[in-house]
Structures are given as structure tokens and as C-alpha cells.
There are 2 protein chains.
Amino acid sequence: MEILNQYQKIVGDAINKYSFKSKPNEFYEPMNYIISLGGKRIRPVMVLMACDMFGGNTEESVKPALAIEFFHNFSLMHDDIMDKAPLRRNKPSVHTLYGINSGILSGDGLVFKAFKFFEDLEPETFKLCLKVFTKSTILVCEGQQYDINFETQQNVTFDDYIKMITYKTAALSSSSLAIGALISGTKLKNVVAIAKFGKHLGIAFQMMDDYLDVFGDQSQLGKKHAGDIYENKKTLLYFLAKKHATESEIKELDYWYLKKTDNIDKVYEVEKIFKKNKVDEKALRLIEKHTEIAQSYLQKTDISEDNKKPFVELANYLLKRES
Amino acid sequence: MEILNQYQKIVGDAINKYSFKSKPNEFYEPMNYIISLGGKRIRPVMVLMACDMFGGNTEESVKPALAIEFFHNFSLMHDDIMDKAPLRRNKPSVHTLYGINSGILSGDGLVFKAFKFFEDLEPETFKLCLKVFTKSTILVCEGQQYDINFETQQNVTFDDYIKMITYKTAALSSSSLAIGALISGTKLKNVVAIAKFGKHLGIAFQMMDDYLDVFGDQSQLGKKHAGDIYENKKTLLYFLAKKHATESEIKELDYWYLKKTDNIDKVYEVEKIFKKNKVDEKALRLIEKHTEIAQSYLQKTDISEDNKKPFVELANYLLKRES
């Protein structure tokens, strides 16, 4: 944990150092606001860690690490508008506080600042990193579109779900590690392996998010309990329930997931089916499985065992979080 | 005009060639839709022209030219949401047709595709172009924020207005030419001069847009007549009126520009003041002045007189349009 804290401190200090001070205020204040809400800042930590562990100069990866965090927060700003989410990390979401137009425009600005934050890199590394970064920005958007589609689409398969979370979440954790590794100058083989480690870690991470939506500690979560159920989001819990439930339970699930309602009975009934079918345990097992796949890719890198440890710590941290 | 048509044909062909065919459809269809609405496609023409006239390989500038057009259309998609504009080029705007969420998300996707379209360039040129491009994306957003602020801000000066249109419009015409010149490999002196030509041409272009909002041929304009007046936009016409009107006329202008109303009387009364003070003639003179400043920068490039001609044609085309 100590090494994660060290990287988190570097990220926190850099966020303070590079907070936006330009005008117009109406444009930059919402960016500083969402960044200041904090969160685990796992993605920028991944950039720093990969650069550091593959023998790079960590200092060179600080601004690219912020770029990843800016992009992530841009996507939260726009997603919160699309999802009509009133809260983000237990605070008002950007559009709740500043209006939808600011949520759109300051979001746009934040992501363009992200592209700017790669500009200290040498042209060759700059281009390699930008290609990885831009690719993942597109995947994240495609993933968000699939996520929206799934709310009203009836024939979503488990494979569709895996593709969606791979795009929406895992693409960015994968590219965070790839970018850190690219900045370190390590060989391509290592970049590819750590990117795959990041992909499966990201899948496990999103599965954990799905799990915590229902089974997490709401006081720590900063989001509405069971928001995914209210939104008819087809999450890991939903697919596991569909797989293991009785015919009449599946009918009931289908009934509730076709309804758009704030009725608490919906959550109560859906959770009853989840619990009866032990989807919580099954979800945790799947999360562990993807964490293990991730670890197998970590073993394919040629760094020392000592340098692998922080990645293992990171995986454990993500697996064991409660919010 | 013929040379402009030639470049426009290259742009049109490339747009067809690179139309988005990937999935999910819900994500890519709105992008193809807005691009297909056409328009003058002046900015990508500028990229091609600059690359060509400074002796570059035009082929290399085609995808970057599309990148500029993608970015421009991204900004239209998001601006139309912010401005609640029902129409774009006489057709339903993207969010009118596909909903606000699609307008946001497909807009985001379109701009990320723009960044992707620079990736065929060699690392050195790639980085130079990306720096210019990213800088202008941020300026365009800042300009949009100033534009929004000005709707409710009372003490907007003519200088504020010039800054706003320089950011919101001229930054992109400037960077379009700079990027074309950079791809050609011409010396920095030429890149700087043609960028300034593009900046002043952009200022003249936006002033012409302001002029056409009231004095243009509405059937060709594809936008609501006098939309800027309804929206309380402080345009060139407003500043010229404020400068030359009598005290009682200024009071009346202030009265109307504080009101948010669809009352046709507003447009009627404001236009009466505009016409009485001949702001149309005065606007055209200012547009000509900025076109002349632009031309003076064109003279600072070291290309042949023949190669300067397309830029002059472009300026004349923009000055003489009626929509």
C-alpha cells in the first residue's frame, strides 16, 4: 500500500501544481471542481507505476498521468449528464452545480487539456503515446454507447457485456499502463504484456464496481445504492442472476428490467433474486479469475520480482476495496 | 473559384472514402449525418491549399484536412445543444434528430477521430501539427465560453468581442493553414505568416457571419433569421450600433438585449436601429479591413505570386458569399 500512497501523493501534488488558473473562470472552474473531488486516482497511479517499474524517469510520466486523469474526469462529466446523475463522489455532479452547458463545454476543454499534457514528450514517444491514448478515448466512447444501448436492448449476451466493460473501463487502465511503459522506453514486449495486465485488471475493476453498486458500503460509495438496478443497467450481477435463476425468477427480472421506475420494490425484488442465487459470491469469484489472468500477463514481463510487486499490490487493492 | 472547387472535390471524395462504418451504429451514424450536411468545407480546403501552395504533397494533408472538418463539426454538434438550435444547414441539428445524449457522445467520438486522422504523419510533423491543433481546440472552447458569457454580461467591449471571435472562429482557420503549411515542410517564417493570414481571414469570416445573420439571404442561410438577436448575442452589428446610435436608441437596444423573448417586435425594433445607423455598410467596411490585413500577411510569405492567388481567391470567396 505504501508505494500506492507514494504515487497517489505525486499525482495529488501535480494536480495542485497544474490546477487551471486561466480565464474564462466559467470554463476552468468546473474542471478544477471535478478534479478536486478526488477519487482513488488509480489510472494516473498506473502511468507512474509502469514508467517507474520499467526503469523510466517517473518525472517524465507525471503530466501524461494527469492527462489520463483529465480524460477520465471528462468522461465522468459527460456520462453524468447522459445518465442524469445528480451526485458524483457524494458531491453534486458538474452539471448539477454548473448546468448542462458547462458540463458539456468544460468537459470538452478538460479532454483537450489532456492532449496538451503529452507535449513535453519527444516526438517519437509523443506519437506512440498519443496513438495509444486516442485509441482508448474512442473505445471508451464506444463502450459508453453500448452501455446506453443495453439499457433498452433485450438480447444482450454475457459476451456483449464483457466487450462493453472492456471498452468502457478496461481500455483506459490498459492504456494507462501502456503509456507509462512507453515513456520508460522499455521493449515492446513489456508494453504489450503490461497493457494486457491492465486490461484484465480493468475488467475485474468494473466487475467490482457492478458488485459494489448492490453489495458495497453505501456511505463510502458516493453514489446512489443500486443505481444500476434503477437504470436497468445490465451488469455482471444481472447476467449471473439470469444464468442461475429459476424460470419464474427470470420472468420477474425481465419484468423489472423493462420498467423505468423509482419504486423501491424494484430494488427489493431484484436484490432478493440476486441474493437467493448467490450472485455476490459468484461475482467475486469471476473478479478473482480476471485478476489471475491479469497476473499471468504480469509474469510475461521481464522485470524483476521486486518490480512486479507494486502491480500485485495494485490488483489486491482494487480487489479488496469496499467503495 | 476553380481551384477552390478542386480542393472541395478532394475533401468531398475523402469524406465519402472515410465515412464511418464501424459499430455501434448509434454512435457513428450521427457523425456521418452531420458531416453529410456539407457546408462550404472551407477549413479542410485551407489545409489542402496551404500544403499544396507551399510545395507539399497534397495527399499527405488529406486526412489532417478531414481532422479539421471533424473538429469543426464536433463543435457544431455541441454548440447546437448549448444554443438549443433546432436547425443546422436547414436540416435538423444532431440532437434534434438523435437526442441530446447522442449529440454529446457522438460529438466526443468525432473529435477523437479527428486526433486519429493525424496519425499517418511522421513523428516530428505529427507533433508540430498536434500542438497547433490542440491549442486551437482549447481556444475554440474558450471562445464559445466567452460567447455564452456575453449573452448575459453587460459590460462587453468591442475588444472583448474581437478576442471572442478570434478564439471561437479565427483560431481554427489560422491553425488549418498552419497545419497545411507544416505538412508541406516549408520554413517556419511561412507557417507563421500564413497562420496570421488565416487568423484575420477568420475574423473577417465571423464578422461576415454576424452580418449575414441579419442581412443575409435567409433561404440560403440554413439558420433562423436574426437568431443572434433573439439570443442576445453581442455581434459586430450590435457593437457598431452601440457606437453610432443616439442615446435613446442605445437605451432601446439595452432594453431588448436584456429580454429573452421570441417576440418578433424585438427583431423588428433592433433591425430598425441597425439600418438607421447603417451598420450594414460599416460592417462590410470592417470586414474588408481585416481581409486587407490578412493579405498583408500573405505578402510576407516567400511563395510565388501564382501560388498566392488561391489564397486571394479564398478571401474573395469568403467576402462575397451571401450565406
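The values are calculated or read from the model by the stated rules, or taken from the named source; none is laboratory data. Everything quoted here is computed from the prediction, not taken from an experiment. Note that each Cβ is placed from the backbone with ideal geometry, even for glycine, and that neighbours are counted across all protein chains shown. Areas reflect the complete protein model, heavy atoms only, side chains present, ligands, DNA and RNA absent. Shrake-Rupley method; radii C 1.70, N 1.55, O 1.52, S 1.80 Å.
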Other chains' Cβ within 10 Å of B:24-30 residues: what's the mean?
4
Angle between chain A longest axis and helix A:171-184 axis [Cα atoms, degrees, rounded to 10]:
10 degrees
For chain A: accessible area per residue (Å², 1.4 Å)
41 Å²
Provide the solvent-accessible area of A:K276, counting protein heavy atoms only and rolling a 1.4 Å probe, rounded to the nearest 10 Å².
120 Å²
Descending packing, highest mean Cβ count within 10 Å first, for B:59-68, B:201-210 is B:201-210, B:59-68
When chain B is turned about an axis onto chain A, which of its residues keeps its C-beta closest to that axis, and how many Å is it?
B:P123, 2
Area of A:T125 that stays accessible when all protein chains are in place (1.4 Å probe, Å², to 10)
40 Å²
Using the alpha-carbon centroid of each, what span in Å lies between the stretch A:262-276 and the stretch B:94-148?
42 Å
Compute the angle between helix B:2-17 and the longest alpha-carbon principal axis of chain B, please, reported from 0 to 90 degrees and rounded to the nearest 10.
70 degrees
Over chain A, what portion of Cα pair distances is larger than 28 Å, expressed as a whole percent?
40 percent
For chain A, calculated [θ]222 nm from helices alone, where every DSSP H run of n ≥ 4 adds -39500 (n - 2.57)
-24500 deg cm²/dmol
Inter-copy label distances at A:Q154 (7 Å, Cα→Cβ; nm, one decimal):
5.9
Residues of B:79-88, mean number of Cβ from any other protein chain within 10 Å of their own Cβ, rounded to a whole number?
2
Please give the total accessible area that chains B and A bury against each other, computed with a 1.4 Å probe and expressed in Å² to the nearest 100.
3800 Å²
For the protein assembly as shown, what log10 I(q)/I(0) values come out of the Debye formula at q = 0.10 1/Å, with one point per alpha carbon and no solvent?
-0.95
Quick one: with all protein chains in place, what share of the accessible area of the protein assembly as shown is carbon or sulfur, to the nearest percent (1.4 Å probe)?
51 percent
For label points placed 7 Å from Cα toward Cβ, what is the shortest-first list of nm distances from B:K23 to its copies?
5.1
How far apart are the A:G99 label points across copies, placing each 7 Å from Cα toward Cβ, in nm, shortest first?
2.5
